[in-house]
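J.: Pasting a structure below so you can have a look.
The values are calculated or read from the model by the stated rules, or taken from the named source; none is laboratory data. This one's a predicted model, so the numbers in the text were calculated from it and none came from an experiment. Here Cβ is always computed from backbone atoms with ideal geometry, including for glycine, and neighbour counts include all displayed protein chains. Ligands, DNA and RNA are excluded from the accessible area calculation, which covers all protein heavy atoms including side chains. Shrake-Rupley method; radii C 1.70, N 1.55, O 1.52, S 1.80 Å.
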Amino acid sequence: MTEPWTATVVTLFPEMFPGPLAHSLAGRALADGLWRLATVDIRAHAADRHRTVDDAPFGGGPGMVMRPDVVDAALRAAPASNGAARIYLTPRGRPLDQARVRALGAGPGVTLLCGRFEGIDDRVIDAHALEEVSLGDYVLSGGEPAAIALLDACVRLLPGVIGSAEALAEETFEAGLLEYPHFTRPADWCGRRVPDVLLSGHHERVRAWRRDEAERLTRERRPDLWRRHVETAAHAAPHDRPRKD
Ligand code: 9WO
């Protein structure tokens, strides 16, 4: 029996976990043993009786930095990662994308280090060869919300967590396009009607409309994704190529 996908979160706030991950699909999967979650309380590895985890930054400046000896001891207390990615959540990390999420979900699991204060001593990142990952160009109060988001993105892809139909929805994004608009009943809501094509029952026209909408939205909102999509499709068979306009 292979071990379930395992997430270990190294944090000053273990009580934040599983948090939202205890609910809905992730929570059911956790309860069913489809994945495992462990936490390591960084403060439990503080050396002094005051359980100090931070200190003033060398070179001066605002705030405090998490001590390397304490964070190192907490990381060493994390179960052996047996090939699992070891990630530090930070704004200066490599932006997380669905390709990386899929790769993480396909592995044995992840060990996630969550920083607080102004960050952790950089020597720990080097000593543990941590992969720095960002969920966006903004600064949170700590790495924990980013860790929860990353775990949600990975867990939903694990076998048995979501139905195959929903998993196919991933294909849209996997093609590098944004999601097309969704509609459900009532067909007329406050005078706002659902596009007629979606009521036509013509599956090929619905498919084409959804593809066109995904391409339109991607062109309008994410020119970076659109450029990559066009370049990728340029190597695909001619009939797969997206319209140029
Ligand atoms: C703090 C900070 C402040 C200004 C500019 C850049 C900065 N980076 C950090 C930082 O990495 N802080 C550490 C982790 C410790 C303090 C809280 N942390 C954090 C992680 N804030 N925001 C994130 C984060 C992680 C992943 N994706 C986006 C934001």
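J.: Using a Förster distance of 25 angstrom, determine the FRET efficiency expected from the C-beta separation of ALA234 and ALA103, and round it to 0.05.
T.: With R0 = 25 Å, the Cβ-Cβ based efficiency is 0.55.
J.: Taking Cα atoms, how many degrees apart are the long axis of helix 144-155 and the longest axis of the chain, rounded to 10 and kept between 0 and 90?
T.: 50 degrees
J.: Just to check I understand the Karplus step: with θ = phi - 60° and J = 6.51 cos²θ - 1.76 cosθ + 1.60, what whole-Hz values come out for the stretch 218-234, glycine and proline as x?
T.: 5, 4, 6, 9, 9, x, 5, 5, 5, 4, 5, 5, 5, 5, 5, 5, 4
J.: Using a 1.4 Å probe, what is the accessible area per residue for the chain, in Å²?
T.: It amounts to 59 Å² per residue over the chain.
J.: I've got another one for you. Ignoring everything except DSSP H segments at least 4 long, calculate the 222 nm mean residue ellipticity for the chain; use -39,500 (n - 2.57) per segment, divide by total residues, nearest 500.
T.: Calculated from helices alone, the mean residue ellipticity at 222 nm is -10500 deg cm²/dmol.
J.: If each residue of separation counts as 0.36 nm, what is the full-extension length gain between ALA208 and ARG222 once their alpha-carbon separation is subtracted?
T.: 3.0 nm is the gain from fully extending ALA208 to ARG222.
J.: Under a point spin-label approximation (7 Å from Cα along Cα-to-Cβ), what is the ILE162-ASP196 distance to one decimal in nm?
T.: It works out to 3.3 nm between the two label points.
J.: Moving on. Between ALA187 and ALA149, what is the FRET efficiency for a Förster distance of 22 Å, r being their Cβ-Cβ separation, to the nearest 0.05?
T.: 0.05
J.: Same structure, new question: Mind giving me the nanometre distance, one decimal, between the label points for HIS50 and HIS23, set 7 Å out from Cα along Cα→Cβ?
T.: 3.9 nm
J.: Continuing with the same structure: So what's the stretch 1-157 giving for Rg/Rh, alpha carbon basis, Kirkwood Rh from the mean inverse pair distance?
T.: 0.96
J.: Working from Cα positions, state the angle (0 to 90°, nearest 10) between the long axis of helix 164-174 and the longest principal axis of the chain.
T.: Between the helix axis and the principal axis of the chain, the angle is about 90 degrees.
J.: Taking the dipole about the Cα centre of the chain, with the C-beta of Lys and Arg at +1 and of Asp and Glu at -1, give me whichever of THR184, HIS203, VAL230 is farthest to the positive side.
T.: HIS203
J.: Considering only the stretch 73-200, what is the antiparallel percent among its DSSP beta bridges, to the nearest 5?
T.: Antiparallel bridges make up about 15 percent of those DSSP assigns within the stretch 73-200.
J.: Could I ask something else about it? What whole-number distance in Å separates the alpha-carbon centres of the stretch 103-133 and the stretch 24-50?
T.: That distance is 15 Å.
J.: Can you tell me what share of the DSSP beta bridges in the stretch 5-155 is antiparallel? A percent to the nearest 5 is fine.
T.: 10 percent
J.: Pick out, from LEU89, VAL155, LEU135, the residue whose Cα sits farthest towards the positive end of the charge dipole of the stretch 5-155, with +1 on the Cβ of Lys and Arg and -1 on the Cβ of Asp and Glu.
T.: VAL155
J.: Any idea what the dipole of the chain comes to, in debye rounded to 20, about its Cα centre with Lys/Arg Cβ at +1 and Asp/Glu Cβ at -1?
T.: In total the dipole reaches around 580 debye.
J.: Moving on to the next point. Pop the C-beta distance of ALA77 and SER134 into the FRET formula with R0 = 22 Å and round what comes out to the nearest 0.05.
T.: Working from the Cβ atoms, E equals 0.30.
J.: Among the chymotrypsin sites (Phe, Trp or Tyr not before Pro) in the stretch 5-78, which ones are in a DSSP loop with at most 14 other Cβ atoms within 10 Å of the Cβ? Mind listing them?
T.: Passing both the DSSP loop test and the Cβ count: PHE58.
J.: Using only Cα atoms and rounding to the nearest 10 degrees, what angle (0 to 90) does helix 68-77 make with the longest principal axis of the chain?
T.: 70 degrees
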